Amino acid sequence: MAVISRDRTDKDSPVHDPLLPWLRSIKKSLDALNSSDHGGTDLDELISNCIRTFKTDGRYRNDVRFLKIWFLHVMSLWSFVVVFQMDASPDFESVFREMEQNQMCVNNSMLYESYALFLEAKGKLTDALVVYQLGISRNAEPLERLKKAKALFCDRMSEIVNACSLEKKGDTDSIENDKSCINPWSILIVKDLLRKMHSEISKYDGYHSSTKAYSGKVALSSLQKSARNKVVEIGGKKYQIKGCAGQGGFAQVFKAYVNSNPDDVVALKIQKPAFPWEFYIYRQLDKRIPDKERSSFGCAHRVHLYSDYSILVCDYLSHGTLQDAINSSVVIGEFMEEVLCMYYTIEMLYMLETLHSAGMVHGDFKPDNLLIRYPRSSLDLVKKGWFVLSGNWLFEVHIWDDLTEDGFRDRTGPWLDQGLCLVDWGRGIDLSLFPDKTEFKGDCRTSGFRCVEMQENKPWTFQASVDTYGLCVIVHMMLHNSYMEIDKKSSSDGGYLYLPKSSFKRYWQVDLWKNLFTKLLNVNPSENHKELLKNLRESFQDYICSNPSPIKKLKQLLVKQRTSLCSA
């Protein structure tokens, strides 16, 4: 848990750090809370006592660890309200005012950003803006992060104002008569599209809708606090929750056993308010993606819509994400091997080539949303020559001999059955719903993945979109263990070229990587996008197939990776 990390720069030993035992106790209580239904009351009391003990202690006035304890206090208040469905809201503002009075990290941007977000959630937009401005006036660090947060806040407010003005005009406003750029993620636009397509969507296989609120014995709101082994009833089936697999601003994803059967595992995406758009996108993928490629884009079995929640039932993949694979190198101070970077780059280029040809954009292309696929179940591998070392960790004997050079280039056999799977389609864009050659506006608001056009507040197209920029960021993360920063450089034709600031190691295949970044960061909308992605993909495939050595090393690295990423 982040609260126990030591952000202070002083050299005091733990003996002279009275806060440290409290941090350890809070960490222990948090772990207990995540693994059972007990410990919530003890945690709340522990946090409150910790704040009372140290809030006037000058040693911790600028300690980020103590600031995070205050944030846990705010979150515990909010959880209490949600779980017990209280009508009255806790006085969050008094908590933040007390932090301000005690000069708690007043030079840290985290304080102002968090306070402003709570004010925004309560509808106090003017007050939220004042908080952002106060932090900026105090040069709270990191200042650039706070300025970006304020800019995104202003964008959200602008969108609300625009949506209200459109609603006053009535239903005559639509995509068809909007001659300006379109924000495909606008709440108003998405609702309008869903309304028009309701009769079609309601006929999709797996679509279940109710006008009533969810009324199961286990309140879905209670899963936010502790979910493990709780059983929720949905559509006549019982799902035993085994853990939280992911969390966002409006949704949580849980691993669950269907009817308590450990051999029937699914992912439940529970979202409030109800959001049927992602289910629509999944069904469009079913229609448009060739069967050979379909396993690379996730699968939704059904959706259950209520007046307050939506529950999407999807496939569950237990082998981790591409972010996990990147982190497995970071934690031991190493970098992902170049040939493995190439392999995943080829996979992602293949994905976008297929996806964009089908008239779809993912909209949130990042390593957390790329799940790792393997060709066979662990049991099959054991039968075919693997042996178990411990737990779920498996070591190869001879099965990876099936991964041949010919199969790699053609993406056939075991090479087709493994790779990556792109999930989380809540920001997906169906290009067929918009006029030809539409230019889009709108910010993905994902730090580190905002394309050049978003950063410069310019319109963007599906070719020069958040997907291709996201691919470049992921490749940069694999190569450098860091997010990508770009330089805008003058080109020979009088224009500009966008290139990564980071340099390439001399022993890499520099020409291949430079060509990738140059082409994808400077896409010409008139260029044949599918051909561009194909040519880039084939350039990496040609290198890997140039001699037996890269394929042999790639197979070894894939085996090593699987043994290092334990199944969830």
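Go ahead and run the numbers for FRET between LYS272 and SER492, Cβ-Cβ distance against an R0 of 45 Å, rounding to 0.05. It would help to have the intermediate numbers written out before the result.
Values: r = 53 Å, r/R0 = 1.18.
Working from the Cβ atoms, E equals 0.25.
Give me P(r) over the stretch 446-555, computed from all C-alpha to C-alpha distances, binned every 10 Å, as integer percentages.
Computed distribution, short to long bins: 12, 43, 34, 10, 1.
Ignoring any ligand, DNA or RNA, what whole percent of the accessible area of the stretch 433-543 comes from carbon and sulfur when the probe is 1.4 angstrom? Walk me through the intermediate numbers first.
Details: 2450 of 5600 Å².
Of the solvent-accessible surface of the stretch 433-543, carbon and sulfur hold 44 percent.
Under a 1.4 Å probe, what is the accessible area of the stretch 204-315 per residue, stated in Å²?
Value for the stretch 204-315: 46 Å² per residue.
Past the 24 Å Cα-Cα mark, which pairs from LYS292/LYS555; LYS148/LYS269; LYS255/LYS555?
Values: LYS292/LYS555 22 Å; LYS148/LYS269 29 Å; LYS255/LYS555 30 Å.
In this structure, LYS148/LYS269; LYS255/LYS555 lie more than 24 Å apart at Cα.
Could you sort VAL232, VAL331 by their accessible area in this structure, using a 1.4 Å probe and putting the largest first? List each step's numbers first, then the result.
On the way: VAL232 0, VAL331 115 Å².
Largest accessible area first, the residues go VAL331, VAL232.
What does the accessible area of TRP22 come to, in Å² to the nearest 10, when a probe of 1.4 Å is used?
TRP22 has an accessible surface of roughly 70 Å² with all protein chains in place.
Taking LYS28 as the anchor, which lysines have their alpha carbon closer than 18 Å to its alpha carbon, excluding any fewer than eight residues away along the same chain?
LYS68, LYS225
Give me Rg over Rh for the stretch 204-315, both radii from the alpha carbons and Rh done the Kirkwood way, two decimal places.
On the way: Rg = 13.8 Å, Rh = 14.4 Å.
Result for the stretch 204-315 is an Rg/Rh of 0.96.
Restricting things to alpha carbons, tell me how big the stretch 303-365 is in terms of Rg and Dmax, in Å.
Rg and Dmax of the stretch 303-365, Cα atoms, are 16.7, 49 Å.
Going through the cross-link list LYS366/LYS505; LYS488/LYS514; LYS488/LYS519; LYS501/LYS530, which pairs have a Cα-Cα distance over 19 Å in this structure? Walk me through the intermediate numbers first.
Values: LYS366/LYS505 24 Å; LYS488/LYS514 15 Å; LYS488/LYS519 14 Å; LYS501/LYS530 27 Å.
Long pairs (Cα-Cα over 19 Å): LYS366/LYS505; LYS501/LYS530.
For the ranges 443-455, 296-308, 48-60, what's the packing order if you count other beta-carbon atoms within 10 Å of each residue, average per peptide, and put the highest first?
Descending packing order for the listed peptides: 296-308, 443-455, 48-60.
Percent of accessible area on the stretch 204-315 owned by carbon and sulfur, 1.4 Å probe? Please report the intermediate quantities before stating the final value.
On the way: 2450 of 5160 Å².
Answer for the stretch 204-315: carbon and sulfur cover 47 percent of the accessible area.
Using a 1.4 angstrom probe on the protein heavy atoms only, line up ARG411, ARG195, ARG427 by accessible area, largest first. Mind dumping the intermediate values first?
Details: ARG411 15, ARG195 130, ARG427 70 Å².
The residues order as ARG195, ARG427, ARG411, largest area first.
With a cut-off of 8 Å between alpha carbons and a minimum separation of six or more residues, what is the relative contact order of the stretch 195-315 in percent? Don't skip to the answer; put the middle values down first.
Values: 217 pairs, mean separation 31.3, N = 121.
Relative contact order, the stretch 195-315: 26 percent.
The values are calculated or read from the model by the stated rules, or taken from the named source; none is laboratory data. The structure displayed is predicted, hence computed values, not measured ones. Neighbour counts are summed over all protein chains in view; Cβ atoms, including those assigned to glycine, are modelled from backbone coordinates with ideal geometry. Ligands, DNA and RNA are stripped out before the accessible areas are found, and what is left, the full protein with its side chains, is counted by its heavy atoms. Shrake-Rupley method; radii C 1.70, N 1.55, O 1.52, S 1.80 Å.
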